[in-house]
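S.K.: The structure is given below, and queries will be raised subsequently.
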Amino acid sequence: MSLNEAPAATAPEAVSTDTASRALQVWLDGAFVDADSPQSPVTTHAMHYGSSVFEGIRSYALADGGAAVFRLPEHLERMRKGAELLGIRFDPAQATEATLATLRRNGHRDAYIRPLAWCGTGSIGLDVGPQSQHLMVAAFPTLLHIGGEGARLAVSSWKRNPATSLPPLKLGGAYINSILAKHEAKRRGFDEALFTDTEGYVVECTGANVFMVHDGRITAVEHRDALPGVTRDTLVTLTGAELRAVKLEELKQADEVFIVGTAAEVARIAAIEERRFDATRVGNEVSAAYQRVVHGEDATYAGWLTHV
């Protein structure tokens, strides 16, 4: 099936969790299909220009045997804003039901969820009006971006897309910026890239926000070009971290540095260029608190969970 020949829309369904004999299923324009079965025409607009918007969302297994998606409304509201800018129709209520149905369909509890809305066929000009529009939701067994031993950051020679040119939302085409920075860092033997601006202020990593610890005080790096991360907001709420601009030299003088994001969760930084960080106490405490919240073990934040 090609993406410009979508099935008729139907309501997302609740399904059995017995998926042992079934291939990974994705929700596509109102119906479930095998993840490897759709084919995208070579004239797909998003393929040429990156005219898409996406989110990265997580679900977690709960102690009672169920599962819950963490801060689903906040993720989908951010996606709605990106879709609106591109003129893509997006219904958060439909995306919510599609997300929950996809998790049920695949029997996932701990999962990384990727909703994607994009412009399809109709024209390969820059005008996004004539194209077909599509929405899919896929879910995958959890895979972390950053290992537990800590990542080594390279300061990128590339600068983050300025917010005056591209809004800090999850627009598909904008992530070429992150790909270039990460590719450069990997070639230099590092794990991840750190963006700074022309004045030496820290922005963020390629897909995660930055925190630092100095004398036990936690600071969340603030920069207008950085994505307003849902995980970042969560940890600011949990820790009462100070929000302010931070220069690279100050970051290097911190006792601890960690980065946060839906996929990375709370990941310690072992080094920034030649500067090594050995302390982990505060970061470990923050990570443990975050895990209690996302797994439903802290009743104070139960409202952040959407049960599957």
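S.K.: Confirm whether Ser132 is crowded, with 23+ Cβ neighbours inside 10 Å and either in the same structural domain as Gly173 (by the TED database) or small (Gly, Ala, Ser) (or both). Walk me through how you get there before you give the answer.
M.R.: Details: crowded, with 23+ Cβ neighbours inside 10 Å: no; either in the same structural domain as Gly173 (by the TED database) or small (Gly, Ala, Ser) (or both): yes.
It is false that Ser132 is crowded, with 23+ Cβ neighbours inside 10 Å and either in the same structural domain as Gly173 (by the TED database) or small (Gly, Ala, Ser) (or both).
S.K.: Take the residues in segment 252-303 that are touching a strand residue (DSSP E or B) at 6+ places or on another chain (Cβ under 6 Å) and assigned to a helix (DSSP H, G or I); name whichever of them is surrounded by the fewest Cβ atoms within 10 Å (Cβ to Cβ).
M.R.: Within segment 252-303, the match that is surrounded by the fewest Cβ atoms within 10 Å (Cβ to Cβ) is Lys252.
S.K.: Are any residues in segment 28-46 surrounded by 17 or more Cβ atoms within 10 Å (Cβ to Cβ) and either of a type in the set (Val, Ile, Thr) or outside any strand (DSSP E or B) (or both), and if so, which ones?
M.R.: Step one: filter segment 28-46 for residues surrounded by 17 or more Cβ atoms within 10 Å (Cβ to Cβ), giving 28-29, 32-33, 38, 44-46.
Selection gives Asp29, Val33, Pro38, Thr44, His45, Ala46.
S.K.: Let me ask another. May I ask you to verify whether Gly87 is assigned by the TED database to the domain that holds Gln131 and closer than 30 Å to Asp127 by Cβ? Break it down into steps so the answer makes sense when it comes.
M.R.: On the way: assigned by the TED database to the domain that holds Gln131: yes; closer than 30 Å to Asp127 by Cβ: yes.
Taking the combined requirement at face value, the residue satisfies it.
S.K.: Right, here's the next one. Are there strands (runs of 3 or more DSSP E) fully within segment 105-200 with at least 3 residues that are more than 29 Å from Ser40 (Cβ to Cβ)? List them.
M.R.: On the way: elements: 111-119, 133-141, 151-155, 192-196.
Counting at least 3 such residues, we get 151-155, 192-196.
The values are calculated or read from the model by the stated rules, or taken from the named source; none is laboratory data. Just so we're clear, the structure is a prediction, and the values are computed from it rather than from any experiment. Cβ coordinates were reconstructed from backbone atoms using ideal geometry, including for glycine residues, and neighbour counts include every protein chain displayed.
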